[in-house]
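The block underneath contains the structure these notes are about, expressed in structure tokens.
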Amino acid sequence: MKSSNILIINYKNYEEIAGSKGVELARIAEDISNELDKEVILSPPHCLLTYIAEKVNLKVFAQHLDNVIKGSTTGFIVPEIAYGSMIKGSLINHSEHRIARNDIKALVERLRTLGMISVVCARTAEEVKEFSLFKPDYIAIEPPELIGSGVAVSKAKPEIIRDSIAAANGIKVICGAGIVDGSDVSAALDLGSEGVLIASGIIKAKDWKGKIREIVERL
């Protein structure tokens, strides 16, 4: 049984993970996840979703889904099609891809019906409170001004994690924004976070194996 705390690696659209490099990162993450018995989830770009899901035995999440119908919706990412393509869940409303409140609610409900995991991203504790009413599996608190900054929310703004957990109505809260090392992860968990969402802190690291291990060991 793996630890209940999770690491989600958001690949974003960084050039470092294009093509076979994305699979290389996935396999490193899988090895460390298995060795340390910790939950690691991968969130690659849409073009790599099934490609990576076929290569490793880790959950793969979409970075975004669209609240549109199945069928004649060219260019959109539809939950039901993602489900049929080995995808286990999705980020929703990331600060780099914000969507309307009614679409957040509808997507959480569609994913729940499909048995997929929803991770709704929020910028403030007030948004956490609002989104918690939709009953997602997780809410990720990420102050946008700290994303990619290298300044961890768990150290720079610990109060936003505490306030978000208090506002979450029992929904699991994870945190992201600026997390780059193991001490940032430990600080987040000490505040009550149940995991971390990391992008550049891992993707831009020179030593993927060393960095992922450093993060996962703290979960």
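The values are calculated or read from the model by the stated rules, or taken from the named source; none is laboratory data. Please read these numbers as outputs of a predicted model, since none were measured by experiment. Cβ atoms come from the backbone with ideal geometry, glycine included; neighbour counts cover every protein chain shown.
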For region 52-64, check the following and say yes or no: at least one residue is surrounded by fewer than 21 Cβ atoms within 10 Å (Cβ to Cβ), over 30 Å from ALA188 (Cα atoms) and at pLDDT below 95. no
Mind telling me which of the residues ASN10, ASN5, ASN93, ASN57 ends up being over 26 Å from VAL128 (Cα atoms) and among the polar types (S, T, N, Q)? ASN57
Residue ID - nearest to SER132 (Cα to Cα), chosen from residues in region 156-178 that are in contact with a Leu (Cβ under 8 Å, 6 or more places away or on another chain) and aliphatic (A, V, I, L, M): ILE165
Report, by residue number, each residue of region 77-95 that is among the charged types (D, E, K, R) and either within 15 Å of PRO44 (Cβ to Cβ) or touching a Gly at 6+ places or on another chain (Cβ under 7 Å) (or both). LYS88
Considering only region 9-27, state which residues are surrounded by 21 or more Cβ atoms within 10 Å (Cβ to Cβ) and either more than 24 Å from GLU96 (Cα to Cα) or in contact with a Gly (Cβ under 7 Å, 6 or more places away or on another chain) (or both). TYR11
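Does region 140-151 hold any residues that are among the small types (Gly, Ala, Ser) and at pLDDT below 70, and which are they? Don't jump to the end; show me each part of the working.
Kept after step one, since they are among the small types (Gly, Ala, Ser), are these residues of region 140-151: 140, 148-150.
Listed by number, the residues that qualify are GLY148, SER149, GLY150.
Condition test on ILE99, is it under 30 Å from ASP31 (Cα atoms) and of a type in the set (Val, Ile, Thr)? Give the derivation first.
Details: under 30 Å from ASP31 (Cα atoms): no; of a type in the set (Val, Ile, Thr): yes.
Taking the combined requirement at face value, the residue does not satisfy it.
Okay, residues lined up against (1) over 14 Å from the mean Cα position of the chain (by Cα); (2) buried (at least 19 other Cβ atoms within 10 Å of the Cβ); (3) at pLDDT below 90:
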residue	(1), (2), (3)
THR113	yes, no, no
SER118	no, yes, no
TYR138	no, yes, no
VAL153	yes, yes, yes
ASP163	yes, no, no
ILE174	no, yes, no
VAL180	yes, yes, yes
SER183	yes, no, yes
Of the residues in region 50-70, how many are free of Cβ contacts under 8 Å to residues at least 40 places away in the same chain and touching a strand residue (DSSP E or B) at 6+ places or on another chain (Cβ under 7 Å)? 6
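For the subset of region 48-99 comprising residues that are among the aromatic types (Phe, Trp, Tyr) and under 21 Å from ALA18 (Cβ atoms), which member is farthest from the chain's Cα centre (by Cα)? Spell out the reasoning first.
So in region 48-99, the residues among the aromatic types (Phe, Trp, Tyr) come out as 51, 61, 76, 83.
Of the ones still in play, those that are also under 21 Å from ALA18 (Cβ atoms) are 51, 61.
Values: TYR51: 18, PHE61: 8 Å.
Out of the qualifying residues, it is TYR51.
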Six or more apart or on different chains, Cβ atoms under 8 Å: show the pairs whose first residue is in region 71-84 and without any contact (Cβ under 8 Å) to a residue 40 or more places away in the chain and surrounded by 11 or more Cβ atoms within 10 Å (Cβ to Cβ) and whose second is part of a helix (DSSP H, G or I) and among the aliphatic types (A, V, I, L, M). PRO79/LEU107; PRO79/LEU111; PRO79/LEU114; GLU80/LEU114; ALA82/LEU49; TYR83/LEU114
